[in-house]
Amino acid sequence: MASRKLEDKIELTIFWLGLFCLTYLVLGFILKSDLTKPLDSSIFYEVFRDSLTLTAYFLAPIAALILFTDWRIQHASINNEKNSKEILDVASNLLPYINTYYLAVENDEQLLKFREQYFALYFDLKRKILLINSIDPKAEEFLKKIEKLDTVILENWSCLEGLYQLNKLYKSVPEGNPASEILKQSYGIKINEAEIRKSECLRNYLEIQTKLSVLHV
């Protein structure tokens with residue numbers, strides 16, 4: 001496909017330069033000739049030579065620009081393919097963390113370790129996103145999906161950490177009096193609401209992840 005686009009650009013350039021050459025030839029011959037007299041072949045040759053010279057003068061830099069631009073786009077496309085594949089790998093590695101239930105984190109030390117691993121993957125994802133070039137609609141759409149995934153990752157962490165803290169508060173409430181039961185009930189409602197939000201995060205993450213694909217050249 002990239003080869004076809006380059007061929008199209010070259011063909012279009014040849015067409016316009018050919019048209020320029022022909023136009024210059026016709027107009028130059030008309031302006032230099034005395035149309036009331038027989039045609040002078042020397043004038044035609046002179047104009048023809050000038051038109052070819054001008055065409056060649058423009059052809060070299062235009063061809064160089066086309067080839068350089070095509071090389072740059074091709075290089076960016078190859079990088080996009082490599083980096084998008086790595087992004088998908090990181091997204092797959094993040095999934096078990098997104099799917100982690102808050103009760104699996106038993107204490108503050110485990111939470112700290114989990115957070116380090118979670119955000120190590122998150123920042124690796126962010127770093128790789130910066131390497132994607134917005135060179136075409138496909139790449140732009142990929143970046144939009146990744147941006148949504150980024151939002152879900154942060155929201156999921158907020159839910160997980162919130163659930164962990166709420167569960168600690170729930171467990172810390174003493175038993176045996178009406179006030180404690182009311183407080184535990186309040187924490188229980190908040191935990192249920194946070195669990196629903198976290199489930200939505202997982203669902204949204206999976207939905208976005210399934211729509212992501214490698215940016216093949």
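The values are calculated or read from the model by the stated rules, or taken from the named source; none is laboratory data. None of the values given here were measured: they were computed from a predicted structure. Neighbour counts run over all protein chains shown; Cβ positions are idealised from the backbone, glycine included.
Numerical summary
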{"item": "So Asn133, is it in the same structural domain as Glu193 (by TED's automatic domain parsing) and part of a helix (DSSP H, G or I)", "result": "no"}
{"item": "Every pair of residues 6+ apart whose Cβ atoms lie under 7 Å, when the first sits in the range 87-107 and is assigned by TED's automatic domain parsing to the domain that holds Glu207 while the second is in a loop (DSSP other than H, G, I, E, B)", "result": "Leu88/Leu212; Leu88/Val214; Ala91/Leu212"}
{"item": "Boolean, Ser172 is assigned by TED's automatic domain parsing to the domain that holds Leu112 and over 15 Å from Asn83 (Cα atoms)", "result": "yes"}
{"item": "Extreme residue, modelled with the lowest pLDDT, among residues of the range 158-204 that are aromatic (Phe, Trp, Tyr) and touching a Leu at 6+ places or on another chain (Cβ under 7 Å)", "result": "Tyr187"}
{"item": "Close pairs from the range 188-204: first loosely packed, with under 14 Cβ neighbours inside 10 Å, partner of a type in the set (Asp, Glu), Cβ under 6 Å, at least 6 apart", "result": "none"}
{"item": "Answer from Arg72, Arg127 - the residue that is within 32 Å of the chain's Cα centre (by Cα), modelled with pLDDT of 90 or more and of a type outside the set (A, V, I, L, M, F, W, C)", "result": "Arg127"}
{"item": "Residues of the range 83-119 that turn out to be farther than 25 Å from Lys211 by Cβ and either of a type in the set (A, V, I, L, M, F, W, C) or buried (at least 17 other Cβ atoms within 10 Å of the Cβ) (or both), as a count", "result": "7"}
{"item": "Residues located in the range 89-105, provided they are over 24 Å from the mean Cα position of the chain (by Cα), in a helix (DSSP H, G or I) and of a type in the set (A, V, I, L, M)", "result": "Leu103, Ala104"}
